[in-house]
Each structure stands twice: as C-alpha cells, then as structure tokens.
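**Student:** I am attaching a structure below and will ask some questions about it afterwards.
The values are calculated or read from the model by the stated rules, or taken from the named source; none is laboratory data. If you're wondering where the values come from, they're calculated on a predicted model, not measured in any experiment. Here Cβ is always computed from backbone atoms with ideal geometry, including for glycine, and neighbour counts include all displayed protein chains.
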Amino acid sequence: MAALANQLPIGLSIAAVLLLIALGLTFTFGQMGVVNMAHGEFIMVGAYTAYLLQGAVGGQSLLVALPVAFAVAGLLGLLLEWSLIRRFYGRPLDTLLLTWGVSLVLQQLARDVFGAPNVQVTAPAWLVGGVDVLGVRLPHNRVFITALAALCVLGVGLYLAKLPQGRRMRAVVQNRELAACSGIATGRVDRSTFLLGSGLAGVAGVALTLVGPVGPGLGTFYIVDAFLVVVAGGLGRLRGAVLAALALGFLNGYLEFWTDASLAKVLVFVAVIAFLQIRPQGMVALRGRSLG
Amino acid sequence: MRLGNLHRALLALLLPALLATGCVSEPGAGSTDGASGDEIRVGVLHSLSGTMAISEVTVRDAELLAVEELNAAGGVLGKKLVPVVEDGASDWPTFAEKAQKLISQDRVAAVFGGWTSASRKAMLPVFERNKALLWYPVQYEGLESSPYIFYTGATTNQQIVPALDYLASQGKKRMFLVGSDYVFPRTANKIIKAYAAAKGIEVLGEEYTPLGHTEYSTLVNKISDARPDAVFNTLNGDSNVAFFKQLRGSGITAGTTPVVSVSVAEEEVRGIGPENIAGHLVAWNYYQTTRTPANESFVKAFKAKYGADKVTSDPMEAGYNAVKLWAEAVKKAGTAEVEAVRQASGGIALDAPEGRTTIHGDNQHVAKTARIGVVQPDGQIREVWASDGPIEPDPYLKGYDWASGLS
C-alpha cells in the first residue's frame, strides 16, 4: 500500500524535527543538569528571527536566518546562563522553576512585541511543493528539515570529536570534578555549552517556521517532546538523541497511521515510560565511574 | 544525572496546578445591575495569555471598541459604561473563577467573554447560579440554550449545515473529517455524520488531534490515501497553521480537494500564511469584505483604534454585536437589571456589520446570514455563497429530520 510506504519518509521527517528541537537540550540538560524549561522559547526566538529577517532581507531570508538565529538564540542562552543559571547549579528543582519563569517572561515579551496572533514566515519558492520518488510523496520542506537535522548532527559530532572545545565539553559531561582537577575551566565550558545548545534551538526555530505556527506559544508545543527525546536517548549523548529521535519518530508515524493522533501520543508516552523502567539511563548510557 | 530529583521537581510543578483546579469560588450575592451612580460596569473575560490568546485578544479589542462607541454616543441610559477586563488564561477553571469575581466583586451588569466551548461550559453553572448574564460571541456546536447566556455567534444550522448544503450542491460526495480533540469538533462531526447518512454522502475518515498538535504529515498522508472530494476541518487554534503548511507540500490542492474550515477567519489566515490556504473554503456569517454600511464603519473604526494592518473577523464582529445588542436591550428595558434585560431582549434587532441580526427571544441566539467564502492570496476572504437572508437559530436542530437522533 502506497500510504504505508509513505509513512517511512514521514517517520524520518518527524524524527528530524524531534532531533532538531532536542539536540541543544541534550547538552544543556545532559551536561549541566539544568532542566531548561526555556529551551522552547529559544526555539521561538529562532522562529521570530526568521520572521524579522524576512522583512529585512526578503526572498532567500530563510538561509540567512539559520546562522543569525543560531547567534541570536545562542547569545540569549549565554545571557541566561551568565545572569541566572550559573547561580543555581546543582539545584535542579530551582533551575526548573527559574527557567519556567524565564519561559513565561519570554512568551509574554513576544506577545507584547509581536502581538498575540501568529505571524507568517513565507517559505522560499524552492521549498514549496513536493516530489514523487517511486510513488512516495516527499514534500520539499520535509526533505530540507531532514537534511538540516543531519547537518546539525554532523556538525555537533565533529565539534565533540575533533575540536578541543568539544573534547573539553565531553570531559565535563563525563566527570565534572575530574575535568576541573585536570585544569579545565568548567565555568567557561558551561557557557559555551549553553551557547551551543540555545543556538541549536534557534536553528530548530527557523526550520519549524516551514511546518508549524509562529507565535508566542511556539515553544510550549515542542518542549515536552524535546525532553522526551533527551530522557529516552540518555542524557548528554549525541548518539542517544539521534537513536531516540528516530525511534520516537517512526513509532509516532506508524502508531498514528494505525490509530489516531491522540492515541498515538498516549502509546508513545507509555512506550517511553516502559522503556525507562527497563533502562532508566536511556538508550545510550554514559559510562563513568562517578556514583551520581 | 539524578532522575529522582527530576521527578520530584516535576511533581512540585504539577501540584499547584492540581490544587488550583480544585478551587471553587464561593457564590456571591444574587443578580445586580452593575450600576453605581452614573456608571454601568460590564465584564470582558477572554484569554489574554496562553494558547487561545491568539484568537481571544482580538475579540476583546472589538468588544472594547463597541463600549467606546457607546460611551462616545452618550453611554447607555445616560450612564457611562466602564469595562472590567479579566484574563481567562486559556484555562477553563480560571474562566469560572474570574466570572465569579466579575459577578460578585465587580458586580458587573453583563459579561462578554469566552471562546472555546470548554470555557463556556465551565462558566455556564457560575452564571446560572448567580443569575447573571454571559454574552458568548463565537460559533459553537449547538445543543445548548442556557437562560443566562446569549449566543451571538452561529449555532450549527447557521454555519455547519449551510456549509454541508453548499458542498452537496457542488457535487462533493466523499468527505474526510479533521478536528481538534474536544467537545466542539466531536459534536460538530456527529452532526455532520448524521447529515451525511441522510443525504448519501460518504464519510471516508474521521480524525482528531490534541489541541496544539503540530505534526500533521501522517494525517495528510491518510487524506491523500483516502482521496476525498472535500475535507471538513474543525481544527482549532495553532494546529490550523501546521495543518495547512503541511498539506501544501502533499500535492492535495484546493482545486481537487477543497478544505472547508469553520474555525479559520481572517486573523488565522494571516498566521497560516495566505499562500498556504488560498483557494480553500471557510464558512462564517461575516467577512471583512462583507458589503454593508455598518461594516464599512466597523472596519474603519477598528483600524483607526488598533492599527491599519489589523483585520476584522467573524468572532470579533459577533463580540462587537454582543455589546451593541445588550445595550439595545438595556435601553428597551430601561434598566441594566438582568431579568429585565432578558425579558426585553426578544426581537431586539441590530443592523450589524454582517447585516440585520435579531435576538430570538426563546433560545437567546440570534438570526444570522450564513456565508461561504474562498480565501484569497491577499489574505482576505471572498464570499461565494450566502443564504437568502438571516437564518433563524435552531440550536437543537429541531427543524431538520435527519438530526432527530442527536439531541
């Protein structure tokens, strides 16, 4: 059946969206233990950046918006880390409430600046429409998002593996105390992690303007899914996030196809809870010697 | 990472929410006329924050415009109207709580408010218990008629049934139903299915997604697979944006498979992006382009007050009408006292922006003209069909044989 085959790329594209929104969170949450409820609002900041640039740049603004949104959301994340979060390390409950408050403030700010109604980001002409491959319909915007997600994973992977900053980040994820003992300035690593994580949220925001609403509530639609991917994948693990996003994407796609959207959502939650009962550390566990 | 801490943290976050829903305000003193000295207080209760703010803020704006216009014309019964604005925060218990506050603390003469049926259902017992008045300005699923609510939006026989008639007249025989998962879409689809069964229309699928859902590729795939003649869309809020953006890449076009929406107006079209929804159909009673003298001045006044880039829409117009109709009833009754206003309301007519609209004395709905429109690339809606004059409200669809099993 054609529809069943159609679900394959759909599952992949759902996974791509999940991966984009969760990629940044997997580091801020995983490395620093900050339950960042404002992550969704950084996604929103990215989306509004795309909206503003569309007025300033015009036609191909989406491509320009990707790096700009990374910078804007990243700097905002940096500001949040520097001004508030670094005073709350090791207190997950407090950071949760703190970032929850920040997310409400940012939402209201967006509402005051841009108005409560959704705004429109026009997709460039080459992202409109779709193409049929072997009887399977591939919308251009979905292909673009999937490619973008792959690119982001590749970039982050290279950063972690090849660059000194990335290696320092991995060291802090694996054992903060030991990393500090070895002379790594963990405070600086934390800041660059937050910059990277929030910046990736900004990039996700730009991509989401192609498929979803752009309004003050944008972040709230995605934040739960983002946490789901991170927790299921294993904290702070790039490979875990990729695996979890793929698993949840295909699970979501096929379950919704066989049942309906509400039930699929419930079943996915049940599956994740059941999975975490068996493997509380997530798909890819951090191998470390610390007792935490 | 210590998952135990995370769980405790999430629990701490949820607890206050659970406690809040358990709170019920004490019933206040009985009915009131909201008048003190040379002022009459009226309540305006919409979601100014949360997921519904996108729509409800605009209705509040329209209602405040109507209050301002009435005051500029010397007020009502020589008294100045003082609006008391409250935020329902897209949270149904909050609507009930704030309604109680407006009634017992601010002692308002009437409340204009609500959007979702869930918020109306939450407020209904508050208004009935206090014998206070709610004016509800949004099209809804019918099957309700509270003596303390006036319904200035369309009931089903003024919107959904005419839309179905229109589709049938266009030869659309195979339909796919898409809606948000709550009371309005489910009830609306029950009515649509009863209609379809009676008129030989095939319903190929009926799908619901949670409010705020943004992932529509699977649903769009199901629609492409079913190949319907038309899609009947009762999605609400932000989901419409995601649905239409994702529908566009799928190869389903307005030419072959039009989507008929009953909750997408001018304001929502802007958020969706006109190019994503152009050519698809909507069913309402009013469009910004509706040609009446009253609409000309309404649009002009709205833009003058809130900005030239603003659009007007059906629920905004119904909210604006609600204030004007209430004022007419107060004038006729000679007092803002609730029971007197209710007694006086039957037959009150208004030359509204949508055309002539009259309060039905028994069910407290209003007669409205049904209009089907096509979304234009510039974001405006062009009317392609209208009923012959206002349709009398029939919330329980008593005048329709095929609907006999519904209520």
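**Student:** Just to be sure I understand the filter: pairs with C-beta atoms under 7 Å, separated by 6 or more residues or on different chains, first member in region A:116-127 and within 8 Å of chain B (Cβ to nearest Cβ), second member among the basic types (K, R). Which pairs pass?
**Tutor:** Matching pairs, first to second residue: A:P117/B:R270; A:Q120/B:R270.
**Student:** Taking the criterion of being under 18 Å from the mean Cα position of the chain (by Cα), farther than 19 Å from A:V156 by Cβ and either of a type outside the set (V, I, T) or within 13 Å of another protein chain (Cβ to nearest Cβ) (or both), would at least one residue in region A:226-234 satisfy it?
**Tutor:** Yes, that holds for at least one residue.
**Student:** Kindly indicate whether B:L134 is away from chain A (no Cβ under 14 Å) and out of contact with any His (no Cβ under 8 Å at 6 or more places or on another chain).
**Tutor:** yes
**Student:** Going through region A:58-81 one residue at a time, which ones are surrounded by fewer than 15 Cβ atoms within 10 Å (Cβ to Cβ) and more than 18 Å from the chain's Cα centre (by Cα)?
**Tutor:** A:G58, A:G59, A:Q60, A:L63, A:L79
**Student:** A:G46: out of contact with any Pro (no Cβ under 9 Å at 6 or more places or on another chain), of a type outside the set (A, V, I, L, M, F, W, C) and free of Cβ contacts under 8 Å to residues at least 12 places away in the same chain, yes or no?
**Tutor:** So A:G46 does not fit the description; no.
**Student:** I need the full set of residues from region A:3-35 which are more than 7 Å from every other protein chain (Cβ to nearest Cβ), aliphatic (A, V, I, L, M) and surrounded by fewer than 24 Cβ atoms within 10 Å (Cβ to Cβ), in order please.
**Tutor:** A:L4, A:A5, A:L8, A:L12
**Student:** Also: Consider A:L52 against the criteria (1) in contact with a helix residue (DSSP H, G or I) (Cβ under 6 Å, 6 or more places away or on another chain); (2) more than 12 Å from chain B (Cβ to nearest Cβ): it satisfies all of them except one. Which criterion is unmet?
**Tutor:** That leaves (1) as the condition not met.
**Student:** Of all residues in region B:304-314, count the ones that are closer than 23 Å to B:V374 by Cα and within 22 Å of the chain's Cα centre (by Cα).
**Tutor:** Residues meeting the conditions: 5.
**Student:** Going through region B:77-91 one residue at a time, which ones are more than 14 Å from chain A (Cβ to nearest Cβ) and out of contact with any strand residue (DSSP E or B) (no Cβ under 6 Å at 6 or more places or on another chain)?
**Tutor:** Selection gives B:L77, B:G78.
**Student:** Does A:V68 fit the bill of being in a helix (DSSP H, G or I) and of a type in the set (V, I, T)?
**Tutor:** yes
**Student:** If you scan region B:37-53, which residues turn out to be out of contact with any Asp or Glu (no Cβ under 7 Å at 6 or more places or on another chain) and either under 26 Å from B:V311 (Cβ atoms) or among the polar types (S, T, N, Q) (or both)?
**Tutor:** Result: B:V42, B:M52, B:A53.
**Student:** Let me ask you something else. Test A:L93 against the criterion of being surrounded by 17 or more Cβ atoms within 10 Å (Cβ to Cβ) and part of a helix (DSSP H, G or I), and give yes or no.
**Tutor:** For A:L93, the condition - surrounded by 17 or more Cβ atoms within 10 Å (Cβ to Cβ) and part of a helix (DSSP H, G or I) - is met.
**Student:** What residue, of A:V203, A:V172, A:V156, A:V136, is touching a Pro at 6+ places or on another chain (Cβ under 8 Å) and either of a type in the set (V, I, T) or away from every other protein chain (no Cβ under 14 Å) (or both)?
**Tutor:** A:V136
**Student:** From the list B:E202, B:E141, B:E206, which residue is in contact with a Phe, Trp or Tyr (Cβ under 7 Å, 6 or more places away or on another chain) and either among the hydroxyl-bearing types (S, T, Y) or surrounded by fewer than 24 Cβ atoms within 10 Å (Cβ to Cβ) (or both)?
**Tutor:** Within the list B:E202, B:E141, B:E206, the selection yields B:E141.
**Student:** Has region A:72-91 got any residue that is closer than 25 Å to B:Y216 by Cβ and out of contact with any Phe, Trp or Tyr (no Cβ under 8 Å at 6 or more places or on another chain)?
**Tutor:** no
**Student:** Got a sec? Which of B:E128, B:E141 is modelled with pLDDT of 95 or more and acidic (D, E)?
**Tutor:** B:E128
**Student:** Another one. Based on what the data block shows, is A:V266 within 12 Å of chain B (Cβ to nearest Cβ), modelled with pLDDT of 90 or more and more than 30 Å from A:T122 (Cβ to Cβ)?
**Tutor:** Considered against the rule, which asks whether it is within 12 Å of chain B (Cβ to nearest Cβ), modelled with pLDDT of 90 or more and more than 30 Å from A:T122 (Cβ to Cβ), A:V266 comes out as yes.
**Student:** Taking helices (runs of 4 or more DSSP H) that do not extend beyond region A:161-252, which have at least 2 residues that are at pLDDT 90 or above, of a type in the set (A, V, I, L, M, F, W, C) and under 28 Å from A:I10 (Cβ atoms)?
**Tutor:** A:186-208, A:218-233
**Student:** If I filter region B:165-190 down to residues being under 20 Å from B:F243 (Cβ atoms) and hydrophobic (A, V, I, L, M, F, W, C), which single residue comes out as surrounded by the fewest Cβ atoms within 10 Å (Cβ to Cβ)?
**Tutor:** Ranking the qualifying residues of region B:165-190, first place goes to B:V183.
**Student:** Any chance you could count how many residues in region B:220-265 are under 20 Å from the mean Cα position of the chain (by Cα) and not hydrophobic (A, V, I, L, M, F, W, C)?
**Tutor:** Of the residues in region B:220-265, 9 are under 20 Å from the mean Cα position of the chain (by Cα) and not hydrophobic (A, V, I, L, M, F, W, C).
**Student:** Now for a different question. Exactly one of (1) more than 14 Å from every other protein chain (Cβ to nearest Cβ); (2) more than 16 Å from the chain's Cα centre (by Cα); (3) under 17 Å from A:L195 (Cα atoms); (4) modelled with pLDDT under 90 is unmet by A:Y89. Its number?
**Tutor:** (1)
**Student:** Being within 21 Å of the chain's Cα centre (by Cα) and in a helix (DSSP H, G or I) narrows it down to one of B:K324, B:K331, so name that one.
**Tutor:** The conditions single out B:K324.
**Student:** A further question on this structure: Under 9 Å between Cβ atoms, at least 6 apart or on separate chains: pull out the pairs that start in region B:206-217 with a residue that is touching a residue at least 12 places away in the same chain (Cβ under 8 Å) and facing chain A (nearest Cβ under 7 Å) and end on any residue that is among the β-branched types (V, I, T) and in a loop (DSSP other than H, G, I, E, B).
**Tutor:** Going by the 9 Å Cβ cut-off, the qualifying pairs are B:G212/B:T51; B:T214/A:V211; B:E215/A:V211; B:S217/A:V211.
**Student:** Helices (runs of 4 or more DSSP H) wholly in region B:226-293 with at least 3 residues that are of a type in the set (D, E, K, R) - which ones?
**Tutor:** Of the helices (runs of 4 or more DSSP H) lying wholly inside region B:226-293, those with at least 3 residues that are of a type in the set (D, E, K, R) span B:266-272.
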